[in-house]
């Protein structure tokens, strides 16, 4: 499992006094970026990448400005042309899960603007 610490910014908090749900999606994106970069697939490098095609998000509890949180990222399923990531936003002090997100991503070739089979080299990186 790959873990990404998150720094909550003052402007992440909405009028309800908790981190806005749209901002939480940014936290999940930071987790995906760190996960893929640590596995040799930075999002802005090379012709092949993966793109989000489906999200399922459950907000379990509010996150407040002074909470200490991190995103846990793991590859749940690796298919032919797609992969599924499981992510959790976790309160680092209590261990309580605040958000659970399952994301389906499809292989994509930038030069052709087409979906593509996940190359063997990328498959090996992701299974490390």
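The values are calculated or read from the model by the stated rules, or taken from the named source; none is laboratory data. Just so we're clear, the structure is a prediction, and the values are computed from it rather than from any experiment. Glycine gets a Cβ as well: all are built from the backbone with ideal geometry, and neighbour counts include every protein chain shown.
Answer yes if at least one residue in the stretch 54-65 is in a loop (DSSP other than H, G, I, E, B), crowded, with 16+ Cβ neighbours inside 10 Å and over 14 Å from the mean Cα position of the chain (by Cα), and no otherwise.
As a first pass, look at the stretch 54-65 and keep what is in a loop (DSSP other than H, G, I, E, B): 60-65.
From the residues that got through so far, the ones that are crowded, with 16+ Cβ neighbours inside 10 Å too are 63.
If we keep only those that are over 14 Å from the mean Cα position of the chain (by Cα) too, we end up with 63.
Yes: the stretch 54-65 contains one or more residues that are in a loop (DSSP other than H, G, I, E, B), crowded, with 16+ Cβ neighbours inside 10 Å and over 14 Å from the mean Cα position of the chain (by Cα).
Residues of the stretch 1-10 being part of a loop (DSSP other than H, G, I, E, B) and surrounded by 12 or more Cβ atoms within 10 Å (Cβ to Cβ), which ones?
Result: 8, single match.
Does the stretch 11-22 contain at least one residue that is within 30 Å of residue 109 (Cα to Cα), over 14 Å from the mean Cα position of the chain (by Cα) and surrounded by fewer than 15 Cβ atoms within 10 Å (Cβ to Cβ)? I'd like the intermediate steps shown before the answer.
Going through the stretch 11-22, the residues within 30 Å of residue 109 (Cα to Cα) turn out to be 22.
The next check asks that each one be over 14 Å from the mean Cα position of the chain (by Cα); those that pass are none.
No.
So which of 111, 115, 92 ends up being more than 30 Å from residue 15 (Cβ to Cβ), surrounded by fewer than 17 Cβ atoms within 10 Å (Cβ to Cβ) and in contact (Cβ under 8 Å) with a residue 60 or more places away in the chain?
On the way: 115 fails: in contact (Cβ under 8 Å) with a residue 60 or more places away in the chain; 92 fails: more than 30 Å from residue 15 (Cβ to Cβ).
Selected residue: 111, the only one of 111, 115, 92 that is more than 30 Å from residue 15 (Cβ to Cβ), surrounded by fewer than 17 Cβ atoms within 10 Å (Cβ to Cβ) and in contact (Cβ under 8 Å) with a residue 60 or more places away in the chain.
Suppose we keep only residues that are modelled with pLDDT of 95 or more and out of contact with any strand residue (DSSP E or B) (no Cβ under 8 Å at 6 or more places or on another chain) within the stretch 81-111. Which one would you say is nearest to residue 50 (Cα to Cα)?
Only one residue tops the list, namely 95.
Taking residue 41 as meeting all but one of (1) modelled with pLDDT of 95 or more; (2) closer than 30 Å to residue 119 by Cβ, write down the number of the exception.
Of the numbered conditions (1) modelled with pLDDT of 95 or more; (2) closer than 30 Å to residue 119 by Cβ, the odd one out for residue 41 is (1).
Return the residues of the stretch 26-53 that are surrounded by fewer than 14 Cβ atoms within 10 Å (Cβ to Cβ), under 15 Å from the mean Cα position of the chain (by Cα) and either in contact (Cβ under 8 Å) with a residue 60 or more places away in the chain or in a loop (DSSP other than H, G, I, E, B) (or both); say none if nothing qualifies.
42, 43
For residue 71, state whether it is farther than 17 Å from residue 34 by Cβ, part of a strand (DSSP E or B) and in contact (Cβ under 8 Å) with a residue 12 or more places away in the chain. Lay out the reasoning, then the answer.
On the way: farther than 17 Å from residue 34 by Cβ: no; part of a strand (DSSP E or B): yes; in contact (Cβ under 8 Å) with a residue 12 or more places away in the chain: yes.
Spelling it out, it is not the case that residue 71 is farther than 17 Å from residue 34 by Cβ, part of a strand (DSSP E or B) and in contact (Cβ under 8 Å) with a residue 12 or more places away in the chain.
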